[in-house]
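J.: Encoded as structure tokens, here's the structure I'll be asking about.
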Amino acid sequence: MITIVVLWLRVCAGLSAWQAGEGPSRALQRELSRETCVKRSTEMLWERRHEANEINVCALLYRAASSPPRELLAAAREVVPQMKSRQLANTARALALCATKHDGRAETAEMVLRRIGEDAKSWGRPEELAMASWAAARFMREEDGNLTGVARVALWALVARAAAAFDAGKSPKEAANVAWAIATAASGPLADREREAAVAFFGSLNKKSIAPARDVATIVWSCAKLSKTDWRVSTQALGAIEGVLARLDTRAFFETATVRDVSQTLSALATASFDAPDFFRRAHAFAGSTTKDNLALSDAAVMLWASALLDRPPDISVFARLLAPLAAAAAETPPPLEVSLVVWSAAVLAHASPAHAAAAADLVCGARFDNLAEREDLRRLHQALLALRVELDAEAFRRLERHVPAIVRARARRAWRRAEDDRHQGSSARHRAVADTLASLKTQHEVVATVRDEYGDLYVDMLVKKPDPSALVVALEFDGPSHFCANDPRRPLGHTMLKRRLLEARGFDVVSVPYLDWDRIPFWSSMERQRYLQRKLRITETLRYQGGDNARSEGLDFLVVPLVHPRLSRDVLGISDRRTRPMTRSDLVLSSGEWSRLVVGRVSMWPWRSIGGARRAAAAAAVRRELEWAGHLGLSAVVADVLRRSTTSAARLVNQVLQRAASWQLWVQCKLGGGKEEDDDDSWEKWDELRRLCDHSLALCVALEIGIEPPSRDAARRWRGEPIKAVFVPAEVFVFNEAGFPVLPKSHQALLSSLAALAEPRETRFVLSGRPRHARGRVVYAQYLNHLLTTRREPLTQVEELELPYRDYLQAPLQPLADDLEAQTYETFERDPVKYERYQTAIERFLADWRGTDPPVIAVLGAGRGPLVRCALAAARAASVDLRRVYAVEKNANALVTLRALAHQLDDWRGVVAILAGDMRDVEIDDLADCVVSELLGSFGDNELSPECLDGARHLAKLTHVSIPRRYESFAAPIAAARLWYDARRANTGNLPGPPPALVLPGAPPPARGLETPFVVKLHRFAPLADSQSCFLFEHPNPNYRDADTNSRSVSLEFFAAVDATVHGLAGYFEACLYDDISISINPPTFSTGMFSWFPLFIPFLHPVKLKAREPLRVDLWRVADASRVWYEWAVLSPVVLPIQNPNGRSYAMRLQP
């Protein structure tokens, strides 16, 4: 009885630990403050933890920030869940300053940062936001991957809150700290949400006045660094710099600023290439007024470097004042970085006046260069000598050279050459475009691109030699954005002006092509580019008008043009046999590349109207002749209005010409919309009949023509599964707005947006047809369409970018029992943000419901590289439940290497995680599992043998165990997806396990293995024709797992389509209940947004099935299992009866053994 009472008192004491009220906490804090030893304070804190709360722990941790004891960190971990924003910020700062990098610190920091990331939206105090941001940025610079990731999430949550929570003008120090954190953490391009947060924060800086000099310097530096790190936020970062300087009280700034503040601000402006002439003028005056003792060499070097980079020379008196620290330190061997910066800057600024040049020469003569060893320092020295060679006379330069040791000059020259070679490894796209345009003018001059001059010291972008031998050789320099000021793109930077002076001194006629001028010329207008370069080079010649320039000037990307002259019909019919003129334009009008890229041919209309009549022979001959001409030109596609008359006769002719089509596609023009639903049905019926008669040829595609009246939703949706290559938009569809410009009605806008959403880059083309009704012609129509399609298309999410390469790409389902997965496959699955979050929540819910007397045992079956193990451990921490054991069962020997490495490296795995190598159906464990966790689901739920695996592993768990997932159900829906069916028919799935050939029925054709294989595919171009229906349901634990036929299933499905359609197969999905109401799903009605681990399953039919509106589609589906394999069989029973596909698993089966 006494033992029970003692235990109860201990439990009560544990429950009340760290929960003390304000009075006891203050009393304890006074005693802790009197104790000077941190270790003894920590012992007292633990002994009297029932009198303490999170404030005491945080205060002591803040005091012991440099080296907190492990016991203090353990106390911090216990109180993290109850910390307020102030304690979280202070704790994060203390941990960031901690010099002892042991495991307890990392674990505590991770918990604190997770809390900050979750609660940041509710924070409001600027000092707390700034302190926590500073700490998160410090953590992001560490090498711990987990800690860095958590810190990144916390930082950007804080930045997003800071943008809206506080006024930078009232809290300049805090704004500077947040800005510093952003710049420090941004080591590369930012993610979308991070970029949005950064843009919002720097946008808030642009509207406020910031006074303290130190804070101004920090903010400007942060903006400068971010502008160079991610170009997508450079506009906002530069705008913030402009706003800060515009609202800056410069008089007050320079009255309170230190030399270091001014030099750092100038350095930041130079880093951002931001020209601020007024600020530089005042900064130079400030530098000239400082005393000798106050101007350090490092500050003088930075000021000179910034002035040289932005080409803002100071007055000669200020210039001499900035050079004085190096001259004074010459006898003391100053740091090489400062020496090279000052010498380079002085040489670059020497062009300002002869006095500047003389002062720079005196500096070089008095400096020491013995300790220059770094390549960058030596490179600066050589460039400085090149610059002074231009500014000084020959005698003065020879005197200067004598003061620089020959060995140092030789090393500097080698460093310069290596640096220039590295910098000019390749040409930019703009550079190549200029060179190509120059090459097209070769009749007047010679172009030699990217050569060095005879001195071997300078790279020249392009040398242009004119025919006149007396004319100077032109050094043509293409100057990109890095050659100009960021806020004044017409003003060259100091190094650009220096290179021009060096080239002019070598005797070149220097011509600059600024990127702004070049980018203004449309990339498709070759003649305008030539004219621009003619003006620059002052040369003249007759320019040949390039094919396609006129169409491109109207904003068009390609043309649809008749293949032959309309009068060819008279020649074919013998009316004008004596015509000597050619039947069409010559192939010399364009180059072969332009024909294939820029032109789509159109077959004459009259043959299709005559194909079934008396002139059918002449019509067929005309079609063949035109298509032969298309093949000769190398066109990629030909448009034909095939559906004018008899589909059967047209199909026969099309089938003949498609047999000869080596490279081009035939786009069949089909009407969509026009006022009557019967017209839409008729157009689709004719197309469907044509492609069936042509045996679903891959070269047969669709060119949709939009009608004046929009089609019904169902009629438009069935075209989603067809191979649409072009959409014709007639001019008559447009209406005119109040400003007199053509626009599309809203219904047509929605239709074109939905069609554009299906298009991959360069896949679906939009064609303006008919006579334009606006005075400016097709230009305004093209501009409107470009605007509509650009603004209506939603940017791809991060998940969609990952899925993009897999759209409509057939993949054989994984066979994890028979095959070992590769690291890339594991890595792809582990990126899923939704799946593992749901799994962790399900495990946490299970642990919260746990009522056992002993700690629970969890078995992770198919552990892979350990993501579910991490979920289990994280769930246990969140639920405050100790785990007796976590078994990680994995058969893949390569994945076991990773698991064992993690178990060896991570503290929270040691003593808890046990790794078992082998098939889950064969291994044995000491403690039976209370919970079995697995991610063995496939796209169809059971198609990766989850039922067989979990039933075979029942010996690893208790009879009352819980399975995560508890149940899963497969679903199927009919779809139209012509491209997928084509690819399945062409697919060769290999000699998969099946019965021996002797079992094939006598006289039966060989099985179409591709059409008897279910494929995993990211559905994109497809039309769903009916809602999905349930197929197979599995629950775990399975009470009948010992039955031999327990996992065999069959189902009969019946679907109804709203409109006439062609069904190419079934789309397979699944829903899975993990625990209670926590589920994951790829079934469209219940899809788990953001999850991408599973793509749907495509189950193709043997032949596409024609289905009438409201006519039943009946399909039977079987799941069959034997001792070694599991497979699906399926058959269409209505409206037509098709043979059973994949009987006895002859084409595809899932193997139960390796």
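The values are calculated or read from the model by the stated rules, or taken from the named source; none is laboratory data. Keep in mind it's a predicted model, so treat the numbers as computed, not measured. Virtual Cβ from ideal backbone geometry, glycine too; neighbours counted across all protein chains shown. For accessibility, only protein heavy atoms count, side chains too; no ligands or nucleic acids. Shrake-Rupley method; radii C 1.70, N 1.55, O 1.52, S 1.80 Å.
J.: I'm trying to understand the selection: among the residues of the stretch 1028-1058, which are acidic (Asp, Glu) and either under 33 Å from the mean Cα position of the chain (by Cα) or closer than 22 Å to Ser946 by Cα (or both)? It would help to see each step written out before you state the result.
T.: First pass over the stretch 1028-1058, keeping only residues acidic (Asp, Glu): 1035, 1043, 1045, 1054.
Those that are acidic (Asp, Glu) and either under 33 Å from the mean Cα position of the chain (by Cα) or closer than 22 Å to Ser946 by Cα (or both): Glu1035, Asp1043, Asp1045.
J.: Separate question: Which residues, taken from the stretch 833-844, are at pLDDT 85 or above and either over 29 Å from Gly918 (Cα atoms) or assigned to a loop (DSSP other than H, G, I, E, B) (or both)? Before you say what the answer is, go through the steps one by one.
T.: Going through the stretch 833-844, the residues at pLDDT 85 or above turn out to be 834-844.
Across the stretch 833-844, the qualifying residue is only Val834.
Residue by residue, here is whether (1) surrounded by fewer than 24 Cβ atoms within 10 Å (Cβ to Cβ); (2) aromatic (Phe, Trp, Tyr); (3) part of a helix (DSSP H, G or I) holds:
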position: Ala59; (1), (2), (3): yes, no, yes
position: Ala89; (1), (2), (3): no, no, yes
position: Ala96; (1), (2), (3): yes, no, yes
position: Ala135; (1), (2), (3): no, no, yes
position: Arg138; (1), (2), (3): yes, no, yes
position: Val153; (1), (2), (3): yes, no, yes
position: Trp156; (1), (2), (3): no, yes, yes
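J.: So in the stretch 324-380, with the set limited to residues that are surrounded by fewer than 21 Cβ atoms within 10 Å (Cβ to Cβ) and charged (D, E, K, R), which one is farthest from His495 (Cα to Cα)?
T.: Glu332
Every residue, every condition in (1) at pLDDT below 85; (2) under 26 Å from Leu906 (Cα atoms); (3) outside any helix (DSSP H, G or I); (4) within 52 Å of the chain's Cα centre (by Cα), yes or no:
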{"position": "Ala27", "(1), (2), (3), (4)": "no, no, no, no"}
{"position": "Tyr62", "(1), (2), (3), (4)": "yes, no, no, yes"}
{"position": "Glu71", "(1), (2), (3), (4)": "no, yes, no, yes"}
{"position": "Arg77", "(1), (2), (3), (4)": "no, yes, no, yes"}
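J.: From the list Ala863, Ala812, exactly one residue is at pLDDT below 80 and either more than 20 Å from the chain's Cα centre (by Cα) or on the phi > 0 side of the Ramachandran plot (or both). Which is it? Walk me through how you get there before you give the answer.
T.: Working: Ala863 fails: at pLDDT below 80.
Selected residue: Ala812, the only one of Ala863, Ala812 that is at pLDDT below 80 and either more than 20 Å from the chain's Cα centre (by Cα) or on the phi > 0 side of the Ramachandran plot (or both).
J.: Right, something else. Scan the helices (runs of 4 or more DSSP H) fully inside the stretch 225-311 and keep the ones with 1 or more residues being closer than 27 Å to Met497 by Cβ and basic (Lys, Arg).
T.: Where helices (runs of 4 or more DSSP H) fall fully within the stretch 225-311 and carry at least 1 residues being closer than 27 Å to Met497 by Cβ and basic (Lys, Arg), they are 277-289.
J.: Can you list residue pairs whose Cβ atoms sit under 8 Å apart, with the first residue in the stretch 386-400 being under 13 Å from Leu363 (Cβ atoms) and the second being part of a loop (DSSP other than H, G, I, E, B)? Count only pairs 6 or more apart in sequence or on different chains.
T.: As it stands, the answer is Leu400/Leu392, since those pairs meet every condition given.
J.: Where the second residue is of a type in the set (A, V, I, L, M, F, W, C) and open to solvent by 40 Å² or more (accessible area, probe 1.4 Å) and the first is on the phi < 0 side of the Ramachandran plot and assigned to a helix (DSSP H, G or I) and lies in the stretch 478-501, which pairs have Cβ atoms under 8 Å and are six or more apart or on separate chains?
T.: Arg501/Val390
J.: Please verify whether Phe1070 is surrounded by 20 or more Cβ atoms within 10 Å (Cβ to Cβ), in contact with a Gly (Cβ under 6 Å, 6 or more places away or on another chain), under 25 Å from Cys949 (Cα atoms) and touching a residue at least 12 places away in the same chain (Cβ under 8 Å), treating the condition exactly as stated. Walk me through it before giving the result.
T.: Numbers: surrounded by 20 or more Cβ atoms within 10 Å (Cβ to Cβ): yes; in contact with a Gly (Cβ under 6 Å, 6 or more places away or on another chain): yes; under 25 Å from Cys949 (Cα atoms): yes; touching a residue at least 12 places away in the same chain (Cβ under 8 Å): yes.
Yes; evaluated as a whole, the condition is true for this residue.
J.: Another one. Here's a check for you: in the stretch 538-552, which residue that is touching an Asp or Glu at 6+ places or on another chain (Cβ under 9 Å) and either of a type outside the set (Asp, Glu) or farther than 28 Å from Leu789 by Cα (or both) is modelled with the highest pLDDT? Explain how you work it out, then say what you get.
T.: Within the stretch 538-552, the subset touching an Asp or Glu at 6+ places or on another chain (Cβ under 9 Å) is 546-549, 551.
In the following step, the residues that additionally are either of a type outside the set (Asp, Glu) or farther than 28 Å from Leu789 by Cα (or both) were identified as 546-548, 551.
On the way: Gln546: 49, Gly547: 46, Gly548: 50, Ala551: 57.
That would be Ala551.
J.: Scan the stretch 1022-1075 for residues that are closer than 30 Å to Gln840 by Cα and of a type in the set (A, V, I, L, M, F, W, C) and jot them down.
T.: Cys1031, Phe1032, Leu1033, Phe1034, Ala1067, Phe1070, Ala1072, Cys1073, Leu1074
J.: On the given criteria, is Phe1087 at pLDDT below 95, in contact with a strand residue (DSSP E or B) (Cβ under 7 Å, 6 or more places away or on another chain), of a type in the set (Phe, Trp, Tyr) and open to solvent by 40 Å² or more (accessible area, probe 1.4 Å)? Before you say what the answer is, go through the steps one by one.
T.: Numbers: at pLDDT below 95: yes; in contact with a strand residue (DSSP E or B) (Cβ under 7 Å, 6 or more places away or on another chain): yes; of a type in the set (Phe, Trp, Tyr): yes; open to solvent by 40 Å² or more (accessible area, probe 1.4 Å): yes.
Spelling it out, Phe1087 is indeed at pLDDT below 95, in contact with a strand residue (DSSP E or B) (Cβ under 7 Å, 6 or more places away or on another chain), of a type in the set (Phe, Trp, Tyr) and open to solvent by 40 Å² or more (accessible area, probe 1.4 Å).
J.: Scan the stretch 316-329 and tell me whether some residue there is assigned to a helix (DSSP H, G or I) and under 44 Å from the mean Cα position of the chain (by Cα).
T.: Within the stretch 316-329, the subset assigned to a helix (DSSP H, G or I) is 316-329.
Next, from what is left, pick out any that are under 44 Å from the mean Cα position of the chain (by Cα): none.
The answer is no, given that none of the residues of the stretch 316-329 is assigned to a helix (DSSP H, G or I) and under 44 Å from the mean Cα position of the chain (by Cα).
J.: How about the stretch 671-683: which of its residues are at pLDDT 60 or above, assigned to a helix (DSSP H, G or I) and surrounded by 23 or more Cβ atoms within 10 Å (Cβ to Cβ)? Let's see the steps before the verdict.
T.: Taking the stretch 671-683 as the starting set, the residues that turn out to be at pLDDT 60 or above are 671-674, 681-683.
Filter once more, so that each one left must be assigned to a helix (DSSP H, G or I): 681-683.
Selection gives Ser683 alone.
J.: For the stretch 1104-1120, does any single residue satisfy the condition of being open to solvent by 70 Å² or more (accessible area, probe 1.4 Å), more than 30 Å from Pro1037 (Cβ to Cβ) and in contact with a Leu (Cβ under 9 Å, 6 or more places away or on another chain)?
T.: Step one: filter the stretch 1104-1120 for residues open to solvent by 70 Å² or more (accessible area, probe 1.4 Å), giving 1108, 1110, 1114, 1118.
Adding the requirement that they be more than 30 Å from Pro1037 (Cβ to Cβ) leaves 1108, 1110, 1114.
Next, from what is left, pick out any that are in contact with a Leu (Cβ under 9 Å, 6 or more places away or on another chain): 1114.
Yes, some residue in the stretch 1104-1120 is open to solvent by 70 Å² or more (accessible area, probe 1.4 Å), more than 30 Å from Pro1037 (Cβ to Cβ) and in contact with a Leu (Cβ under 9 Å, 6 or more places away or on another chain).
J.: Would you tally the residues in the stretch 1130-1154 being in contact with a helix residue (DSSP H, G or I) (Cβ under 6 Å, 6 or more places away or on another chain) and either in a strand (DSSP E or B) or surrounded by fewer than 18 Cβ atoms within 10 Å (Cβ to Cβ) (or both)?
T.: 1
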